[in-house]
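The values are calculated or read from the model by the stated rules, or taken from the named source; none is laboratory data. Keep in mind the model is a prediction, meaning the values are calculated, not measured. Virtual Cβ from ideal backbone geometry, glycine too; neighbours counted across all protein chains shown. Side chains are part of the model used for accessible areas, which takes the heavy atoms of the whole protein and leaves out ligands, DNA and RNA. Shrake-Rupley method; radii C 1.70, N 1.55, O 1.52, S 1.80 Å.
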Amino acid sequence: MTKSILLLILPALLAACQASETPADGAAALNDSAAVDTGVDERAIRGQIDQWGQLVKA
């Protein structure tokens with residue numbers, strides 16, 4: 001039962017972490033000088049999700 005819930009929740013969390021093509025509030029896109037490296041944030045989030053999954057298995 002717990003594994004099936006986990007299998008339903010993880011894809012939803014990963015989908016929520018995906019970067020959007022357009023800003024949600026309709027704001028103008030950032031210029032190149034203010035670019036943000038979202039890869040670092042994505043790796044941190046995925047690491048936390050992996051760690052949470054391991055804790056659930058334990």
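Summary of values
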{"item": "Pair list, Cβ under 8 Å, 6 or more apart: the range 33-58 residue more than 18 Å from Ala12 (Cα to Cα), other residue modelled with pLDDT under 90 and open to solvent by 100 Å² or more (accessible area, probe 1.4 Å)", "result": "Val36/Leu30"}
{"item": "Failed item, numbered, when Ser33 is tested on (1) among the small types (Gly, Ala, Ser); (2) at pLDDT below 75; (3) open to solvent by less than 90 Å² (accessible area, probe 1.4 Å)", "result": "(3)"}
